[in-house]
Structure formats: C-alpha cells, structure tokens
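Engineer: First the structure, which I've put down as structure tokens, then a few questions once you've had a look.
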Amino acid sequence: MKPELYSCMKMLESLEKNCQMTIGEKFGLRVAQELVNQYSNVRRILHRNLSEEQLKFIPFVLSLDESSRHFPSEIDAIIVRGTKIQELRSACQMSVSFLRSLDGSLEKELEEMGKELKFREKEIDWKEKFVEKMLQGIKDLPELQRSKIVEGIKKSHREIEKHSKK
C-alpha cells in the first residue's frame, strides 16, 4: 500500500472515531460541517492516488450547505446534523474497509484467520488446563477439610492428655 493511502486510512479511522464520539453530543452545525470538510480533504488526497474505478468505492458526502440550505426549526437542524454524522461515519468505515482490501488478498486474510484460530486454540487449551486444576482442587478440598478436622481433634486430645496428667 502506498504511504499516502495508508495515511488516508489512518486519518479516516480517526475521523470515524470522532464521529462516533460526537453522536448524541450537543454541538452546532459548524462542528458537523467541519467533520465533513475533513472527510472531503482526505477524499481529495485519495482522488489523486486512486484510479477512477477505485475511487467509486470511496463514498462522496455532501456538505451540510449543499444538503440542506434552510432549517425550518432547530429540531430539523438537529436531525440533519445527526443524520449527516451517521452518513459520514458510515462513509469513513466503508472507505477504510476498501483501503484495507487494496493491501490484502484472500490468501493473506486466510493466513490471518489461521493465526487467530491457532491463538484461540491455545487460549482454549490453557483455559481447559486451568479448569482441570480448579476441579482437582475442588475434589481435594474435602480431603483437606477432613485432614484439618483430624488434626484439630488430635490437638484437642493432646491438650486433654496434657491437662489430665497434671
């Protein structure tokens, strides 16, 4: 993957996190428009580094100015802002997925899945061994309790003998 594309991917990931954090927050339309502007800037860089065919997979997001000129009420403005942030978040996620796919292949993906599977198998083996040790400890618990009871009885018998000899 070209460094420019990698940088764009990282910027889009960051922008998507910012969009996620702003959902539900109270902020003005200017903040939403600024996020759209940042996306548009990254898209311009991608436009210079991708073919026309590849660029079709990078969604275009209209600015708030272009998508809605007048808001009859503040509630309409809030709805438009929230919808625009969701649209922008979705566009970022789709773009990042596409950029990752440029550097990948089915073989690489299967290899990664194989590594993940081996890691999970080792984790399951470790957990099984841990559970077996815990079960053995639980099985040994009655024996330990019996041993402590017997030890307590012997100790009390010794004390009784000791006091009876005096």
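Engineer: Residues in region 68-77: is at least one at pLDDT 80 or above, of a type outside the set (Phe, Trp, Tyr) and touching a helix residue (DSSP H, G or I) at 6+ places or on another chain (Cβ under 8 Å)? So that I can check it myself, show each step before the final result.
Structural biologist: Filtering region 68-77 down to residues at pLDDT 80 or above leaves none.
Checked against the condition, which is being at pLDDT 80 or above, of a type outside the set (Phe, Trp, Tyr) and touching a helix residue (DSSP H, G or I) at 6+ places or on another chain (Cβ under 8 Å), region 68-77 yields no hits at all.
Yes/no per residue for (1) at pLDDT 85 or above; (2) assigned by TED's automatic domain parsing to the domain that holds Arg43; (3) over 30 Å from His47 (Cβ atoms); (4) not in a helix (DSSP H, G or I):
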| site | (1), (2), (3), (4) |
| --- | --- |
| Phe98 | yes, yes, no, no |
| Lys118 | yes, no, yes, no |
| Ile124 | yes, no, yes, no |
| Lys129 | yes, no, yes, no |
| Glu132 | yes, no, yes, no |
| Ile138 | no, no, yes, no |
| Pro142 | no, no, yes, no |
| Glu151 | yes, no, yes, no |
| Lys162 | no, no, yes, no |
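Engineer: Oh, and also: Give Leu35, Leu88, Leu110 a once-over and let me know the one that is at pLDDT below 90 and outside the structural domain of Ser14 (by TED's automatic domain parsing). So that I can check it myself, show each step before the final result.
Structural biologist: Details: Leu35 fails: outside the structural domain of Ser14 (by TED's automatic domain parsing); Leu88 fails: outside the structural domain of Ser14 (by TED's automatic domain parsing).
The match here is Leu110.
Engineer: Could you please give the count of residues in region 1-43 that are acidic (Asp, Glu) and under 14 Å from Cys92 (Cβ atoms)? Quick ask: steps written out before the conclusion?
Structural biologist: Keep residues of region 1-43 that are acidic (Asp, Glu), which gives 4, 13, 16, 25, 34.
Right, trim to under 14 Å from Cys92 (Cβ atoms) and you get 13, 16.
Matching residues across region 1-43 total 2.
Engineer: Next up: Out of curiosity, is Gln86 in contact with an Asp or Glu (Cβ under 8 Å, 6 or more places away or on another chain) and of a type in the set (S, T, N, Q)? Let's see the steps before the verdict.
Structural biologist: Numbers: in contact with an Asp or Glu (Cβ under 8 Å, 6 or more places away or on another chain): no; of a type in the set (S, T, N, Q): yes.
Against the criterion (in contact with an Asp or Glu (Cβ under 8 Å, 6 or more places away or on another chain) and of a type in the set (S, T, N, Q)), Gln86 does not qualify.
Engineer: Residue pairs, Cβ under 7 Å, 6 or more apart or interchain, first in region 1-23 and hydroxyl-bearing (Ser, Thr, Tyr), second surrounded by 19 or more Cβ atoms within 10 Å (Cβ to Cβ). List them.
Structural biologist: Thr22/Ile85
The values are calculated or read from the model by the stated rules, or taken from the named source; none is laboratory data. Keep in mind the model is a prediction, meaning the values are calculated, not measured. For neighbour counting, all protein chains shown are included, and Cβ atoms are generated from backbone atoms with ideal geometry for every residue, glycine included.
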